[in-house]
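The block underneath contains the structure these notes are about, expressed in structure tokens.
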Amino acid sequence: MGDDNPKDLILVKLKENLRGMTISQLVEATGISRETITKHVQALEYENEVYTVKYGNASVFCSNHRKVKDKDTIKVALGS
């Protein structure tokens with residue numbers, strides 16, 4: 001994964017922090033602007049790479065460890 005890609009860098013940081021990170025924490029950890037982080041986190045949520053946990057007003061973003069990559073993986077795992 002190339003760390004020069006903002007989405008890749010965000011995913012790396014989220015995988016390093018299993019309890020998740022807020023947008024502000026991601027901005028601090030990556031040096032990427034808040035607007036760019038927000039845009040890429042939304043795209044990653046749509047792609048099922050990350051999910052959001054709400055704590056009051058705070059949104060914490062977590063890496064989706066359980067994501068299934070494709071249907072062929074499921075078939076192999078189930079022996080279908």
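Please enumerate the residues belonging to region 1-40 that are among the basic types (Lys, Arg), more than 21 Å from Tyr55 (Cα to Cα) and in a loop (DSSP other than H, G, I, E, B). Within region 1-40, no residue meets the criteria.
Within region 53-64, the residues that satisfy the criterion of being more than 9 Å from the chain's Cα centre (by Cα) and either among the aromatic types (Phe, Trp, Tyr) or in a strand (DSSP E or B) (or both) are Val53, Lys54, Tyr55, Ala58, Ser59, Val60. Determine, yes or no, whether Arg34 is modelled with pLDDT under 95 and of a type outside the set (A, V, I, L, M). No, not satisfied. Evaluate the following for Thr22: is it farther than 17 Å from His65 by Cβ, hydroxyl-bearing (Ser, Thr, Tyr) and touching a strand residue (DSSP E or B) at 6+ places or on another chain (Cβ under 8 Å)? Against the criterion (farther than 17 Å from His65 by Cβ, hydroxyl-bearing (Ser, Thr, Tyr) and touching a strand residue (DSSP E or B) at 6+ places or on another chain (Cβ under 8 Å)), Thr22 qualifies.
To keep it simple, each residue is scored yes or no on (1) within 15 Å of Ile10 (Cα to Cα); (2) open to solvent by 40 Å² or more (accessible area, probe 1.4 Å); (3) modelled with pLDDT under 95; (4) not aliphatic (A, V, I, L, M).
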position	(1), (2), (3), (4)
Ile23	yes, no, no, no
Glu28	yes, yes, no, yes
Thr38	yes, yes, no, yes
Val50	yes, no, no, no
Val60	yes, no, no, no
Asp70	no, yes, yes, yes
Thr73	no, yes, yes, yes
Val76	no, yes, yes, no
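The values are calculated or read from the model by the stated rules, or taken from the named source; none is laboratory data. In this text, all values refer to a predicted model and were calculated from it rather than measured experimentally. Here the Cβ is made from the backbone with ideal geometry for all residues, glycine too, and neighbour counts use every protein chain on show. Ligands, DNA and RNA are excluded from the accessible area calculation, which covers all protein heavy atoms including side chains. Shrake-Rupley method; radii C 1.70, N 1.55, O 1.52, S 1.80 Å.
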